[in-house]
Each structure stands twice: as structure tokens, then as C-alpha cells.
């Protein structure tokens, strides 16, 4: 992984490995605050025609939720036991949906006849360094879902601190928008976290990978040592 320019596949792998460390850092530093945060709900869909899927905003409000993001998914990397989705919706809600039978049924009607294949929820933290909604067009969005092995928490913390220090001043780096510490799941075993990140553009993402092979190697080693399974879903937000 130290040389990331050899193949397209290796280059794609690099973009995914760069994200894992930051999400876990949030899990370590933010767990106390999450208890006071609203509930984040991520729905993943596999539609015959993803471009025609529309989410019912009336039902979103009836659930006590607000629409944070919706978009399309065009690629995936990694394996966590789910079919690759092609649409997503991210909500912030007043309370849990998955623990309420009526709310679960209403959520499954958000996209008409297209029900969510996977639903994940838990306390959500929106990062203050992310940019507002007016800059969505053109971004490359990535949703990371992961499960950690917890074999060496001290070693994990040291690796994270090192990686975070190195990446803090790099150009063209990703921005973490939101983090969900997952507490309930439907359609898959409950993972540890969902992290939503973006690059300002696909070109910026490519530049970051091309110019930071050493960092990518460090993060690849981190994933090998501390992450059991993960998937990165790549696409763009519609709103």
C-alpha cells in the first residue's frame, strides 16, 4: 500500500482507508457527548431506478425527523455483509425509530414502494468544521460503516493520534460531516459506527491520494490491525 499509483484498484482502495482513523477517533473522544445528541438514522436502498426515488417529507416530519442528506451511491469498497445500495437518506430525529413498531412501518414508506434494505441509527454528531448545504454540488461523498475488533485499544489510540497529527495540515483532505455511534440496526448485524465524509471534488480526492502515499500506508496498517470489517459507499448528495 505504500505505492498507491500502480493500479486503479489500489488507488481506489487508498481513498477508503484514509477515512477509518478519523471515525474511530470520534468514537473515542465523543462518546460522552453523544448521549445528549439527537438520533441519526441512515437508510440504504437498492432501487431498480435510483434516480426516480423520492422521499416523502411529510412522513419525515411525522416521524419527528429532519432530512439531513439524501443522495445516490455509485460504488462500494469492502465487505460488511450487505448488498451494494444505490440510494441513501440520512435523517436527524427526536428519538429512536427502530425501537418503535409504528415508526419503523412509517419509515419503510418514505420512498414509496422501495423499502430500505438497511437501517442504522444512534446518537449523531455533526462536525463544526463541515461546510453548509449550499456547497453540496460537486462534492464526492463517502459513507463508511465499520466494525472494530477492540484487540488493542491503547495501540489504536496511539496510531490514531499519529495519523491525525500528520493529516491535520495536508491539502485536499476530506472533511468529516457527521458521525453516528450505531445502537440499533435493521438488515444487518449492528456495526459500531457510520461516518459521513466528503471531499470538495473528485479531483481533490485524487490529488490527496496521489500526494500522500506514506500516510495511506499508515492508515492501511491501522485498518489491518484494528478493523474487523467495513464498507465504504461512494457517491454524491442530491440535497
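Residue-wise test of (1) out of contact with any helix residue (DSSP H, G or I) (no Cβ under 9 Å at 6 or more places or on another chain); (2) within 16 Å of residue 116 (Cα to Cα); (3) not in a loop (DSSP other than H, G, I, E, B).
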residue: 70; (1), (2), (3): yes, yes, yes
residue: 82; (1), (2), (3): yes, yes, no
residue: 91; (1), (2), (3): no, yes, yes
residue: 102; (1), (2), (3): yes, yes, yes
Got a number for residues in segment 165-188 being farther than 16 Å from residue 125 by Cα and assigned to a loop (DSSP other than H, G, I, E, B)? 9
On the given criteria, is residue 175 without any contact (Cβ under 8 Å) to a residue 60 or more places away in the chain and closer than 22 Å to residue 92 by Cα? yes
So residue 214 ticks every box in (1) outside any helix (DSSP H, G or I); (2) over 16 Å from the mean Cα position of the chain (by Cα) but one. Which box is left unticked? (1)
Using beta carbons and a limit of 9 Å, which pairs, at least six apart or on different chains, have the first residue in segment 77-103 and at positive phi and buried (at least 20 other Cβ atoms within 10 Å of the Cβ) and the second one modelled with pLDDT of 95 or more and not in a loop (DSSP other than H, G, I, E, B)? none
For segment 222-239, how many residues are farther than 17 Å from residue 77 by Cα, out of contact with any helix residue (DSSP H, G or I) (no Cβ under 6 Å at 6 or more places or on another chain) and part of a helix (DSSP H, G or I)? 1
Looking only at segment 126-164, count every residue that is under 26 Å from residue 235 (Cβ atoms), part of a helix (DSSP H, G or I) and at pLDDT 90 or above and tell me the total. 0
Matching entry among 146, 186 (being touching a strand residue (DSSP E or B) at 6+ places or on another chain (Cβ under 9 Å), in contact (Cβ under 8 Å) with a residue 40 or more places away in the chain and buried (at least 19 other Cβ atoms within 10 Å of the Cβ)): 146
With the structure loaded, tell me whether residue 116 is closer than 27 Å to residue 199 by Cβ, at pLDDT 90 or above and assigned to a strand (DSSP E or B) or whether it fails that test. no
Given the condition surrounded by fewer than 20 Cβ atoms within 10 Å (Cβ to Cβ), more than 20 Å from residue 190 (Cβ to Cβ) and either modelled with pLDDT under 70 or under 13 Å from the mean Cα position of the chain (by Cα) (or both), answer yes or no: does some residue in segment 45-62 qualify? no
Failed condition for residue 203, given (1) farther than 29 Å from residue 103 by Cα; (2) buried (at least 19 other Cβ atoms within 10 Å of the Cβ), with all others met? (2)
If residue 109 meets every condition in (1) in contact (Cβ under 8 Å) with a residue 24 or more places away in the chain; (2) touching a strand residue (DSSP E or B) at 6+ places or on another chain (Cβ under 9 Å); (3) more than 16 Å from residue 230 (Cβ to Cβ); (4) part of a loop (DSSP other than H, G, I, E, B) apart from one, which number is that one? (2)
Search result, residues across segment 206-239 that are under 30 Å from residue 108 (Cα atoms), modelled with pLDDT of 90 or more and exposed (fewer than 15 other Cβ atoms within 10 Å of the Cβ): 228
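The values are calculated or read from the model by the stated rules, or taken from the named source; none is laboratory data. Computed from a predicted structure; not experimentally measured. With ideal geometry, Cβ positions are generated from the backbone for all residues, glycine too; neighbour counts draw on all protein chains shown.
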